[in-house]
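The values are calculated or read from the model by the stated rules, or taken from the named source; none is laboratory data. Values in this document were obtained by computation on a predicted structure and should not be read as measured data. Here the Cβ is made from the backbone with ideal geometry for all residues, glycine too, and neighbour counts use every protein chain on show.
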Amino acid sequence: MSIVVKNLKHIYMPKTPFEKEALKGINLEIEKGDFAAIIGKTGSGKSTLIQHFNGLLLPTEGEVNIDGVAVTKKNLSDIRKKVGFVFQYPEHQLFEDTVFKDIAFGLKRFKLSEEEVKEKVYSAAKLVGLDESLFERSVFELSGGEKRRVAICGVLVLAPSYLLLDEPASGLDANGRREMLSLLNKLNNSGVTVILVSHSMDDVAEYAKRVTVINDGLVALDGTPEEVFSKRDLLRSMDLDVPEVTGMFMDFSEKSGIPLPTVVKKEQGRDLLIKLISEGRFSL
């Protein structure tokens, strides 16, 4: 079970003076249960790519398969039950009178009893850590982080297998950002496949199990965070960089001549620093 992308091409406004080839032949597979990050400079095609995963966009050429089923105009409803999408500013998707109504909105298309709706809303809220005391409040009275939880809850209430997120931590303060990413990690640990588009290399390194770099409409790199972020020069040539802790140890390795593994997480960096100090190879 996975998302499989085969020779995916997408052209905006074809056969017009404004024609733009955004994707030029993407081949990619994302396994169920993965926490995958898609990175690339602005305009590289990463947002265009994930919008094909639930049929917001359809291929100009090639195909996208979700668990073995090709995404087409005819099956968008079924695909969107499996693949939820959270936009960059998900709070802009909120519009109902109360938090409860906003979360339950997507369930209206199903013939569910009032009790079944309530059960699904409470279950989704528990999953994202949203307090039930907020249910009767207006969504516009909530904090930025709470609004995003409500928006994500409104997607999760439909029980998707895959969750797509386009810069979900954008505009949040440091605390809100940590809460959002911890939530995504929790959802992934519960079995939801998370596919995250982000400009933050530190966030990607800390949480993703796999990183795909999109450059000029093509897959430029794909692998574990350690594999991808070991290519600092190549990433810089694509206007990207490595996480702060990765760069720090790379600089130390170059200056000292001491070969070191690629460090991507802060905890790894702390452990390696302690080891270097204990061995007398680094002094404060």
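What about residue 251, is it part of a helix (DSSP H, G or I) and in the same structural domain as residue 52 (by TED's automatic domain parsing)?
No: the conditions fail for residue 251.
Looking at (1) more than 30 Å from residue 49 (Cβ to Cβ); (2) aromatic (Phe, Trp, Tyr); (3) in contact (Cβ under 8 Å) with a residue 40 or more places away in the chain, which is the only condition residue 135 fails?
Tallying (1) more than 30 Å from residue 49 (Cβ to Cβ); (2) aromatic (Phe, Trp, Tyr); (3) in contact (Cβ under 8 Å) with a residue 40 or more places away in the chain, residue 135 fails exactly one: (3).
I'd like to know if segment 11-22 contains one or more residues that are in contact (Cβ under 8 Å) with a residue 40 or more places away in the chain and within 22 Å of residue 194 (Cβ to Cβ). So that I can check it myself, show each step before the final result.
Step one: filter segment 11-22 for residues in contact (Cβ under 8 Å) with a residue 40 or more places away in the chain, giving 11, 14, 21-22.
Checking the rest, the ones that are also within 22 Å of residue 194 (Cβ to Cβ) come to none.
For segment 11-22, residues in contact (Cβ under 8 Å) with a residue 40 or more places away in the chain and within 22 Å of residue 194 (Cβ to Cβ): absent.
Taking interchain pairs and intrachain pairs at least six residues apart, which have beta carbon atoms under 8 angstrom, with the first residue in segment 161-179 and touching a residue at least 60 places away in the same chain (Cβ under 8 Å) and the second charged (D, E, K, R)?
Sorted first by the residue in segment 161-179, then by its partner, the pairs are 161/32; 161/67; 161/82; 162/32; 162/82; 168/148.
Read through the list (1) touching a Leu at 6+ places or on another chain (Cβ under 9 Å); (2) part of a helix (DSSP H, G or I); (3) more than 30 Å from residue 89 (Cβ to Cβ), then give the number of the only condition that residue 261 fails.
All conditions are met except number (2).
Filter segment 264-284 down to the residues that are at pLDDT below 90, part of a loop (DSSP other than H, G, I, E, B) and among the hydrophobic types (A, V, I, L, M, F, W, C) and list them by number.
Passing the criteria: 282, 284.
Could you tell me which numbered condition residue 152 fails, if it satisfies all but one of (1) surrounded by fewer than 21 Cβ atoms within 10 Å (Cβ to Cβ); (2) at pLDDT below 90?
Answer for residue 152: the failing condition is (1).
Which is over 20 Å from residue 123 (Cα atoms) and either surrounded by 22 or more Cβ atoms within 10 Å (Cβ to Cβ) or not assigned by TED's automatic domain parsing to the domain that holds residue 157 (or both), of 176, 223, 217?
217
When you scan segment 236-249, do you find a residue that is surrounded by 18 or more Cβ atoms within 10 Å (Cβ to Cβ) and either closer than 18 Å to residue 152 by Cα or over 23 Å from the mean Cα position of the chain (by Cα) (or both), even just one? I'd like the intermediate steps shown before the answer.
Taking segment 236-249 and keeping what is surrounded by 18 or more Cβ atoms within 10 Å (Cβ to Cβ), we get 238, 240, 242-243, 245-246, 249.
Narrowing the set further to residues that are either closer than 18 Å to residue 152 by Cα or over 23 Å from the mean Cα position of the chain (by Cα) (or both) leaves 249.
The answer is yes; a qualifying residue exists.
Residue-wise test of (1) closer than 25 Å to residue 153 by Cα; (2) among the hydroxyl-bearing types (Ser, Thr, Tyr).
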| position | (1), (2) |
| --- | --- |
| 3 | yes, no |
| 8 | no, no |
| 12 | no, yes |
| 22 | no, no |
| 47 | yes, yes |
| 69 | no, no |
| 80 | yes, no |
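Identify all residues within segment 80-116 that are in contact with a Leu (Cβ under 7 Å, 6 or more places away or on another chain) and closer than 15 Å to residue 167 by Cα; write none if there are none.
If the condition is that a residue be in contact with a Leu (Cβ under 7 Å, 6 or more places away or on another chain) and closer than 15 Å to residue 167 by Cα, then 84, 85, 86 are the ones that fit.
Which one is modelled with the lowest pLDDT, of the residues in segment 155-185 that are in a helix (DSSP H, G or I) and touching a Phe, Trp or Tyr at 6+ places or on another chain (Cβ under 6 Å)?
181
Evaluate the following for residue 152: is it farther than 30 Å from residue 21 by Cα and among the β-branched types (Val, Ile, Thr)? Step through it out loud before you land on a result.
On the way: farther than 30 Å from residue 21 by Cα: yes; among the β-branched types (Val, Ile, Thr): yes.
Considered against the rule, which asks whether it is farther than 30 Å from residue 21 by Cα and among the β-branched types (Val, Ile, Thr), residue 152 comes out as yes.
Applying the selection to segment 194-220, what residues are under 25 Å from residue 52 (Cα atoms) and part of a helix (DSSP H, G or I)?
201, 203, 204, 205, 207
Can you tell me which of 65, 27 is polar (S, T, N, Q), touching a residue at least 60 places away in the same chain (Cβ under 8 Å) and farther than 25 Å from residue 199 by Cα? Full working, then the answer.
Details: 27 fails: farther than 25 Å from residue 199 by Cα.
Going through 65, 27 in turn, just one is polar (S, T, N, Q), touching a residue at least 60 places away in the same chain (Cβ under 8 Å) and farther than 25 Å from residue 199 by Cα: 65.
Working only within segment 124-140, note down all residues that are touching a helix residue (DSSP H, G or I) at 6+ places or on another chain (Cβ under 9 Å) and either in a helix (DSSP H, G or I) or under 23 Å from residue 165 (Cα atoms) (or both).
124, 125, 126, 127, 128, 129, 130, 131, 132, 134, 139, 140
Can you pull out the residues in segment 161-171 that are surrounded by fewer than 19 Cβ atoms within 10 Å (Cβ to Cβ) and touching a Lys or Arg at 6+ places or on another chain (Cβ under 7 Å)?
161, the sole residue that qualifies.
Determine whether residue 191 is assigned to a loop (DSSP other than H, G, I, E, B) and of a type outside the set (S, T, N, Q).
For residue 191, the condition - assigned to a loop (DSSP other than H, G, I, E, B) and of a type outside the set (S, T, N, Q) - is met.
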